[in-house]
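Working notes, beginning with the structure itself.
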Amino acid sequence: MISQYIDDIKKIVKPSEKINNQIVQVNINRVFYLAIISVPIRLLIIIFLTQSSAVGGGEAIWRVRLLIIHTIHLVLFLILGGMALKLRKKVGYNWLKLGTQYAMILTMLFVGLAVTLVDQLVTYCITPFLIACVAIGAIFIIRPLYSLLIFSSGYMAYSIGIGIMQTEPSILLSNRVNGLTITGLGIFLSVVLWSHNVRNLQQREYIRHQQNMLQDKNKKLLDLATHDSLTKLINRRHFEERIAEEISRIVRYDDEACLLILDIDNFKAANDQFGHPIGDVLLANFAAFLKSQLRESDIISRIGGEEFAILLLNTNCEEGENIAQKIRYSIEKYDFIIEDHKIKITVSIGMTLLNKTRNSYEVAYRYADRALYNAKAKGKNKVEVWT
């Protein structure tokens, strides 16, 4: 129980590199949008400060210092916003993104601190420091350790600065205590925001991983349902589905195709001589070789033990017979080398034509099968056409 809790904390504190990259990208987008919002506000503040007249010397100093701070703030936000605009279009992690993110955070923190210290000339409030701490904690997704370092450094600078600017002991103590509370609030918001976003991103990654696994399993199941596991060719059922689609196209466009049924001659004898394991390898190698002899558009299937079917698309009867003879001759001359065994095989091929009028697969298969029977009867290693 405790170890599981510790593991969960580790996963949140140190998420994966992919999640870190996503967080940096989110922060860069927020830098850009924050710059868009802040720049007009800074301009209005600068205009307001330059248009209003100071009542006394202390207020004049206060206005000048605020004007300097907000002008620097404006320039820095313009630079960081421009960098964010360029970086947000780049995919992946880089140090410039990380630097831009933390430059914006430190700018916000120390501008809020500077305004608070200057405000001590005319008021006792520390609202700008409060706004800066809350805004940083609520806007940017920061690692807990970095958040602790940033806010602690900010509070140390605040505590020293407020001690210089505020001489009234009771107000100084109150401001330091309030500043510490504000710092704690900023750290709390930052840790909560980090934890919430990391958990969400981890959950998304988990869901995406599960979806990918499900897709892979579905793909494997579909492959098992449509392909022969030994030869990796489509199986008989899927071949019949494909040929039904092609027949519809043949009828629609008045096209032609040739159906070939191939049977390896004397395969049982090869199985008995070399053994079934070698026979299985022979079937797989035969399927690969057969596929290499055909076009990408042709459809090939293992429909039985040593029986294969081929649909030659956009092929007339003469072209189909020439291709069948080429296949038969190539196989006859080819040496299948399996475990130091050189195996010679031949095939018998039956062929028939499919066209707009002869558009039944069942009939075409019966004709091609009869042609195959004739090829076997004539001594095997033959091509016969049923017209």
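Pairs, please: C-beta under 9 Å, at least 6 apart or cross-chain, first residue in contact (Cβ under 8 Å) with a residue 60 or more places away in the chain and in the stretch 374-387, second assigned to a loop (DSSP other than H, G, I, E, B)?
K376/D265; K376/K382; K380/D265; K380/N266; K380/T346; N381/D265; N381/T346
Quick one: is F239 of a type outside the set (K, R), in a helix (DSSP H, G or I), touching a residue at least 12 places away in the same chain (Cβ under 8 Å) and more than 23 Å from R358 (Cβ to Cβ)?
Spelling it out, it is not the case that F239 is of a type outside the set (K, R), in a helix (DSSP H, G or I), touching a residue at least 12 places away in the same chain (Cβ under 8 Å) and more than 23 Å from R358 (Cβ to Cβ).
Residue-wise test of (1) in the same structural domain as I19 (by TED's automatic domain parsing); (2) modelled with pLDDT of 95 or more; (3) in contact with a Cys (Cβ under 9 Å, 6 or more places away or on another chain).
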| site | (1), (2), (3) |
| --- | --- |
| I160 | yes, yes, no |
| I171 | yes, no, no |
| T181 | yes, yes, no |
| V191 | yes, no, no |
| S195 | yes, no, no |
| R204 | yes, no, no |
| N218 | no, no, no |
| L224 | no, no, no |
| D228 | no, no, no |
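Check the stretch 76-89 and report whether any residue there is in the same structural domain as L193 (by TED's automatic domain parsing) and either polar (S, T, N, Q) or touching an Asp or Glu at 6+ places or on another chain (Cβ under 9 Å) (or both).
For the stretch 76-89, residues in the same structural domain as L193 (by TED's automatic domain parsing) and either polar (S, T, N, Q) or touching an Asp or Glu at 6+ places or on another chain (Cβ under 9 Å) (or both): absent.
Of the residues E321, E362, which single one is of a type in the set (D, E), part of a helix (DSSP H, G or I) and loosely packed, with under 15 Cβ neighbours inside 10 Å?
E362
Tell me, which helices (runs of 4 or more DSSP H) lie completely within the stretch 1-103 with 3 or more residues that are at pLDDT 90 or above?
It comes to 17-51, 57-87.
Which condition breaks for A257 when tested against (1) among the small types (G, A, S); (2) closer than 17 Å to E339 by Cα; (3) modelled with pLDDT of 95 or more?
All conditions are met except number (2).
Does S248 qualify as being in a loop (DSSP other than H, G, I, E, B), at pLDDT 90 or above and assigned by TED's automatic domain parsing to the domain that holds K326?
No; evaluated as a whole, the condition is false for this residue.
Report, by residue number, each residue of the stretch 340-353 that is surrounded by fewer than 24 Cβ atoms within 10 Å (Cβ to Cβ), within 13 Å of A270 (Cβ to Cβ) and in contact (Cβ under 8 Å) with a residue 60 or more places away in the chain.
H341, I343, I345, T346
If I filter the stretch 104-151 down to residues being outside any helix (DSSP H, G or I) and polar (S, T, N, Q), which single residue comes out as surrounded by the most Cβ atoms within 10 Å (Cβ to Cβ)?
Step by step, filter the stretch 104-151, then rank; the result is Q120.
Within the stretch 164-191, how many residues are over 20 Å from T127 (Cβ atoms) and surrounded by 13 or more Cβ atoms within 10 Å (Cβ to Cβ)?
Here the count works out to 1.
Could we say that A287 is under 11 Å from L260 (Cβ atoms) and in contact with a strand residue (DSSP E or B) (Cβ under 8 Å, 6 or more places away or on another chain) here?
No, not satisfied.
The values are calculated or read from the model by the stated rules, or taken from the named source; none is laboratory data. Everything numeric here is computed off the predicted structure, so don't read it as measured data. Reconstructed Cβ throughout: ideal geometry from the backbone, glycine too, with neighbour counts over all protein chains shown.
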